[in-house]
Amino acid sequence: MPDPFAPDLDAYFARIGYTGPRAPTLAVLHALTLHHATTIPFENLDVLLGRGISLAPEAIFRKLVRDRRGGYCFEQNNLLLLVLRALGYRVTPIGARVRWQIPRDIQPARTHLFLRVHLADGDWLTDVGMGGASLTGAIPLEFDRELPTPHEPRRLVRDGERMFHQLWTGTEWADCCEFTLNEMFPIDCEVANWWTSASPASHFKGGVIAGRARPDGTRKAIRGGEFTHRRGAEILASEAITSAPQLLALLAAHFDLLFPADTRFGAP
């Protein structure tokens, strides 16, 4: 059997601009979550370009680190999983159902991945693959209390046997995802990733999605044909996207995503 893939930690840390300690501590987990989420953009552009999404560790590393691209949850959190395990953390990948703006009486597919990190003083959750709701600091696996992050407050709540990760929007608590603590194995990721990237029903087929948290506590996003820059619920700037050149310019200026001038992702 071939040797398991070992990520180039120096290259990853250079990619996210991290120069701190490498011990498997809570402080380092917080720092890596923040640096990753504020550097590597969430995006679905290869889905729209018909290139397919490989979850082979070397493919994820090449795309997000070497080629300085972004990706969605199965790429983002699998990359962070590789790095955390290489640093000596014990990590369990967890599957979830995205609940953002989806009522609880509708059952979405289990097509999200995040990470449970086991530390000596308890378990913590991190998730750098939820687009505009990605965590910028790990949160403890504790329920029914407000959990601070460098961006929005979060909390974990239960509804019977169901567990929900929620975000404070500035006016209300909104569901981000619904989860159990069952491990999501690589084959489960492969099946969900295939549906997410290939099914005509996947929302990633519907248009350009890009997002990145900023170190100043704001977030930038492209979705639904609009660019927004916001702090919590406050919209700092917005711009309707009406042309392909405008879209390419926004991707380059705000997400460091560079494409040839003739690239087309479909109608803005």
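Quick note: the coordinates plus some simple rules give every number you see, no bench work behind them. Note that the coordinates shown come from a computational prediction; the quantities given were computed from them, not determined experimentally. With ideal geometry, Cβ positions are generated from the backbone for all residues, glycine too; neighbour counts draw on all protein chains shown.
Collect the residues in the stretch 157-169 that are touching a Phe, Trp or Tyr at 6+ places or on another chain (Cβ under 8 Å) and either surrounded by 13 or more Cβ atoms within 10 Å (Cβ to Cβ) or among the aromatic types (F, W, Y) (or both), keeping them in residue-number order.
Across the stretch 157-169, the qualifying residues are V157, M163, F164, H165, Q166, L167.
What's the number of the condition F61 fails, among (1) of a type in the set (F, W, Y); (2) part of a helix (DSSP H, G or I); (3) in contact with a strand residue (DSSP E or B) (Cβ under 9 Å, 6 or more places away or on another chain)?
With respect to (1) of a type in the set (F, W, Y); (2) part of a helix (DSSP H, G or I); (3) in contact with a strand residue (DSSP E or B) (Cβ under 9 Å, 6 or more places away or on another chain), F61 is out only on (3).
Considering each residue of the stretch 1-22, count those that are more than 30 Å from H203 (Cα to Cα) and without any contact (Cβ under 8 Å) to a residue 60 or more places away in the chain, and give that number.
14
Would you mind finding the one in R154, R145 that is surrounded by 14 or more Cβ atoms within 10 Å (Cβ to Cβ), under 24 Å from A120 (Cβ atoms) and among the charged types (D, E, K, R)?
R154
Check whether at least one residue in the stretch 230-253 is of a type outside the set (D, E, K, R), under 18 Å from the mean Cα position of the chain (by Cα), assigned to a helix (DSSP H, G or I) and buried (at least 18 other Cβ atoms within 10 Å of the Cβ), and report yes or no.
Yes, the stretch 230-253 contains at least one residue that is of a type outside the set (D, E, K, R), under 18 Å from the mean Cα position of the chain (by Cα), assigned to a helix (DSSP H, G or I) and buried (at least 18 other Cβ atoms within 10 Å of the Cβ).
Exactly one of (1) surrounded by 19 or more Cβ atoms within 10 Å (Cβ to Cβ); (2) out of contact with any Ser or Thr (no Cβ under 6 Å at 6 or more places or on another chain); (3) within 22 Å of W194 (Cβ to Cβ) is unmet by V128. Its number?
(2)
Hand me the list of strands (runs of 3 or more DSSP E) wholly inside the stretch 111-180 holding 3 or more residues that are in contact with a helix residue (DSSP H, G or I) (Cβ under 8 Å, 6 or more places away or on another chain).
Passing ranges, in order: 112-119.
Go through the stretch 69-112 and give me each residue that's of a type in the set (D, E, K, R) and either free of Cβ contacts under 8 Å to residues at least 40 places away in the same chain or touching a Leu at 6+ places or on another chain (Cβ under 8 Å) (or both).
Scanning the stretch 69-112 gives R69, E75, R85, R90, D105.
Are there any pairs with C-beta distances below 9 angstrom linking a residue in the stretch 237-266 that is closer than 22 Å to R66 by Cα and without any contact (Cβ under 8 Å) to a residue 40 or more places away in the chain to a residue that is assigned to a helix (DSSP H, G or I) and not aliphatic (A, V, I, L, M), with the two at least 6 apart or on different chains, and if so which?
Note: pairs meeting the criteria are A261/P245.
Can you pull out every residue in the stretch 170-204 that is small (G, A, S) and either touching a His at 6+ places or on another chain (Cβ under 9 Å) or farther than 14 Å from L48 by Cα (or both)?
Matches in the stretch 170-204: G170, A174, A192.
Would you check if E172 is surrounded by fewer than 20 Cβ atoms within 10 Å (Cβ to Cβ) and among the acidic types (D, E)?
yes
Restricting to the stretch 195-206, count the residues that are out of contact with any Ser or Thr (no Cβ under 8 Å at 6 or more places or on another chain) and either touching a residue at least 40 places away in the same chain (Cβ under 8 Å) or surrounded by 14 or more Cβ atoms within 10 Å (Cβ to Cβ) (or both).
4
Restricting to the stretch 178-187, and then to whatever is surrounded by fewer than 16 Cβ atoms within 10 Å (Cβ to Cβ) and touching a Leu at 6+ places or on another chain (Cβ under 9 Å), can you tell me which residue is nearest to G71 (Cα to Cα)?
In this case the residue turns out to be P186.
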